[in-house]
Amino acid sequence: MNYTESGWKLCNSYASLPKTLYAPMEVNPVPSPQLVITNRALANSLGLDPERLDSPDSLQMLAGNRFPADSFPLAQAYAGHQYGQFTMLGDGRAILIGEQLTPDGETFDIQLKGSGLTPFSRSGDGRAALGPMLREYIISESMHALGIPTSRSLAVVLTGEKIQRYSAEPGAILTRVASSHIRVGTFQFAAKYRSTEDLKALADYTIKRHFPEITGPDRYVELFRQTAQRQASLIAKWQLAGFVHGVMNTDNMAISGETIDYGPCAFLDRYDESAVFSSIDAGGRYAYRNQPLIGGWNLARFAESLFPLLDEIPEKQALASLQGALEEYVSLQKNLYLTGMREKLGLFTETPEDEQLINELLELMQEKQADYTNTFRFLTFEAVEEPALANDPAFKEWNSRWKARQQLEGRSEQEILELMKSKNPAVIPRNHRVEAALEAAAQGDYAVMEKLLDILRDPYAHSDEQQSFAAPPPPSTPPYQTYCGT
């Protein structure tokens, strides 16, 4: 196949880094790949021919049986704090086949996830199951539609293998697209296990790729500061959408500010600030309310990794600069969150009382176990159908004060409505809907998943078709629990 005609235009800049930071890979073929889904819109934005992406030759590439001529497949090395414990990691079941240069001049990693054993697989088999790969496809594409920075999914293929998890499951490979897969854990690996020269090469490469405007002797402090700013924005958007990542280990924190690794993630149904969905997070380390705090903890680990590079700056000044940037993260994340909450409530300006107004609503939602997404959707259209709130005297009193606050804006009802519609989605990937799609897919029926993806494609449309997909799970549904496996 002529990959140039298909639109593949790969470079391999990561392979220019010291070889201590990655392991070159060969093909690890699968017996009988079968295409499940391709993302034609994403393919087009990458400069790929969507029609050729569905071809038999492309299928061989998406399955890891063949690579484009210009690719340099590799597995990246990294370490990380997993639930607070430091460990050596790396791409244990993923291969970076190259970086696609798009028609707009952007660069995106193309990674095959579930593609087989690597030197970093430890005791794993390097493969992935169909369900988790489709789950990442659904949720990552929904996150993109919600306006939350994220890796994206180009394709999922069946491998023709059965892999053993809790039971024998169909094997699958996800083609993941990201601005890069450089993580806080990548820097931790270089700082702990490699030389300062290797760490410097990684930092300079990251600056060139993600922050090309950064120069000068304080460039590594500025790398930290701008990374922290991106994380503040990302986590604020998670909180506003009611998204619980579930596994905020440092190896899952991308320097680019994108959401990566959709393992035990989920969206809130009823509002609960202590919500944890992961089966292994018994202590609630990565609970919804803790995400901003954990983001700061992870950034502190990033600062520690960068410190050996700050020899051009006096030590006290370097420490003060890093601490100052970390404090900026805390205030910026909070301010972005409060601004987003004001917008969800139709407020264009800021008053000192707004934070209390927001917190009182959340306290009522927590007490009454109100649905998070639907409460804001009902407020948008002034039709509070949330049964837990509709007849509650405390909520009625809050609602009166909120409407009075809106009056201070001096905006028309239509302006307020349009702002709220643009900030409060009609639909999210409801956990029970995602599970229903995955159950159907396991039986070879992909129509349920395709319908769900279509509904999630424009979450702010507030269309009639979206109404049934906005419903929370039935009251009898057991508490939702997720498992690592993606």
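The values are calculated or read from the model by the stated rules, or taken from the named source; none is laboratory data. The structure presented is a predicted model; accordingly, all values stated were derived computationally and were not measured. Backbone-built Cβ (ideal geometry, glycine too); neighbour counts: all protein chains shown. Side chains included, ligands, DNA and RNA excluded: accessible areas come from the protein's heavy atoms. Shrake-Rupley method; radii C 1.70, N 1.55, O 1.52, S 1.80 Å.
Annotations
- R0 of 22 Å, Cβ-Cβ distance residue 106-residue 13: FRET efficiency to nearest 0.05: 0.95
- Where only C-alpha atoms are counted, convex hull volume of region 1-108 per residue in Å³: 141
- In nm, spacing of pseudo-spin labels at residue 55 and residue 300 (7 Å Cα→C-beta vector): 5.4
- Considering only alpha-carbon pairs that sit under 8 angstrom and 6 or more positions apart, the relative contact order computed for region 92-195 is 27 percent.
- Equivalent-ellipsoid semi-axes of region 1-62, from the Cα gyration tensor, Å, largest first: 25, 17, 10
- Restricting the calculation to Cα atoms, every distinct pair contributes to the Kirkwood radius of region 232-310, found to be 13.1 Å.
- Segment residue 439-residue 397, length gained on full extension (0.36 nm per residue, minus Cα span): 10.8 nm
- Its relative contact order, with pairs defined as Cα atoms under 8 Å and 6+ residues apart, puts region 150-262 at 31 percent.
- Sorting 271-284, 334-347 by average packing, meaning the other beta carbons within 10 Å per residue, from highest down gives 334-347, 271-284.
- If R0 equals 30 Å, the separation of the Cβ atoms of residue 432 and residue 293 corresponds to a calculated FRET efficiency of about 0.55.
- For region 273-379, the normalised intensity computed at q = 0.15, 0.18, 0.20 Å⁻¹ comes to -0.84, -1.01, -1.11 (log10 of I(q)/I(0), Debye sum over alpha carbons, equal scatterers, no solvent).
- Angle in degrees between helix 291-306 and the longest Cα principal axis of the chain, rounded to the nearest 10: 30
- P(r) tail fraction, region 85-186 - alpha-carbon pairs more than 15 Å apart, %: 67
- Folded to 0 to 90 degrees: helix 315-344 orientation relative to the chain principal axis, Cα: 50
- Distance histogram in 5 Å bins (all Cα pairs of region 340-413, percent per bin): 3, 15, 30, 28, 16, 7, 1
- Cα-derived Rg over Rh, computed across region 70-135 with Rh taken as Kirkwood radius: 1.05
- For the chain, the longest principal axis of the alpha carbon atoms and the long axis of helix 413-423 meet at an angle near 30°.
- Accessible surface, per residue, of the chain when the full set of protein chains is kept, probe 1.4 Å, Å²: 41
- Residue 353 versus residue 319: modelled label distance in nm, points set 7 Å from Cα along the beta carbon direction: 4.5
- When the Cα atoms of region 142-236 are aligned to their principal axes, the ranges along those axes come out at 54, 36, 21 Å in descending order.
- Relative to its residue count, the chain spans a Cα convex hull of 155 Å³ per residue.
- Placing a pseudo-label 7 Å from each Cα along the Cα-to-Cβ vector at residue 167 and residue 82 gives an inter-label distance of 2.6 nm.
- Based on C-alpha pairs under 8 angstrom that are at least 6 apart in sequence, the chain has a relative contact order of 14 percent.
- Note on residue 465 and residue 69: with the Förster distance fixed at 60 Å, the Cβ-Cβ geometry gives a FRET efficiency of about 0.85.
- Among the protein heavy atoms of the chain, carbon and sulfur supply 51% of the accessible surface, probe 1.4 Å, non-protein parts ignored.
- Computed about the Cα centre, the dipole magnitude for region 329-388 is approximately 240 debye when only Lys and Arg (+1) and Asp and Glu (-1) carry charge, each at its Cβ.
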